[in-house]
Amino acid sequence: MPRVPPITVADELLTPPQARRLYAYNRAVFDRFARRARSLSWRAASRPREIGHQSILGTLVHILNVHEVWLAYILRGRTSDPELEALFADPARKPGDWAGFARYARRVWTEVDAYLATASKRALAAPVHVFWMPGRYVASDGLLQATFEQAHHLGEIIGVLWQDDVAPPEMTWIRVGDRLARRGH
């Protein structure tokens, strides 16, 4: 396999406007899936389904966990053992009802918005590192990692919804992105 050279400020993966547009999409799609999950019975949303994080609720929470650890911690350089241990031990990251889920989602999206509001070209090209992901990568890679992880897990939820004959929400980049653009996002 050929060696990939490190990314520099001149050739980062995402520009700040692209990152903001991508995350407007991520949030819009996530919110659609959260609303669909809330429209189900509590049992349907919370029962084990043999997907990566068991239930629809557990999978949605995991997506929030991923966005939080990347955008509120790793990309901001908050990667010390005490910082990450405190984050991972925080009981708010494991809500057991819809009210707790809503509080946690607000917390995460507030942090995501704060990071993206100040993300510069240089910041997106800055090297980042965490103990569980070896290799060389930059902040843009972290944004894409969280994005692709969200897409992967939403695919699991789509499969569960189809098994229950429930239509999944619209998530097509072009359609959702077009609606966001018309609203000024």
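Just so it is clear, none of the values below were taken in a lab; they were calculated from the coordinates. Note that the coordinates shown come from a computational prediction; the quantities given were computed from them, not determined experimentally. Methodologically, a virtual Cβ is constructed for each residue, glycine included, from the backbone with ideal geometry; neighbour enumeration extends over all protein chains shown.
Taking the Cβ-Cβ separation of residue 50 and residue 170 as r and a Förster radius of 35 Å, what is the calculated FRET efficiency to the nearest 0.05?
Details: r = 26 Å, r/R0 = 0.73.
Efficiency at R0 = 35 Å is approximately 0.85.
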- Note on the structure: With -39,500 (n - 2.57) per DSSP H segment of 4 or more residues and division by the full residue count of the chain, the 222 nm estimate, nearest 500 deg cm²/dmol, is -19000 deg cm²/dmol
- Item | Derived scalar couplings ³J(HN,Hα) [the range 75-89; Karplus, 6.51 cos²θ - 1.76 cosθ + 1.60; whole Hz; x for Gly, Pro] | 5, 9, x, 8, 10, 5, 4, x, 5, 6, 4, 5, 4, 5, 8
- Message: Using only Cα atoms and rounding to the nearest 10 degrees, what angle (0 to 90) does helix 173-182 make with the longest principal axis of the chain?
- Response: 80
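Determine the equivalent ellipsoid of the chain by diagonalising the alpha-carbon gyration tensor, then write out the semi-axes as square roots of 5 times the eigenvalues, largest first, rounded to whole Å. Provide the component values of the computation, followed by the final result.
Values: eigenvalues 160, 80, 50 Å².
Output for the chain: semi-axes of 28, 20, 16 Å.
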- How many nm is it between the label spots at residue 97 and residue 3, if each spot is 7 Å from the Cα in line with the beta carbon? 5.7
- Quick calc, the range 12-182, dipole around Cα centre from Cβ unit charges on Lys, Arg (+) and Asp, Glu (-), nearest 20 debye, gives 540
- Note on the structure: The answer for residue 128, listing residues at least 5 apart or on another chain whose modeled amide H is closer than 5 Å to its amide H, is 137, 138, 139
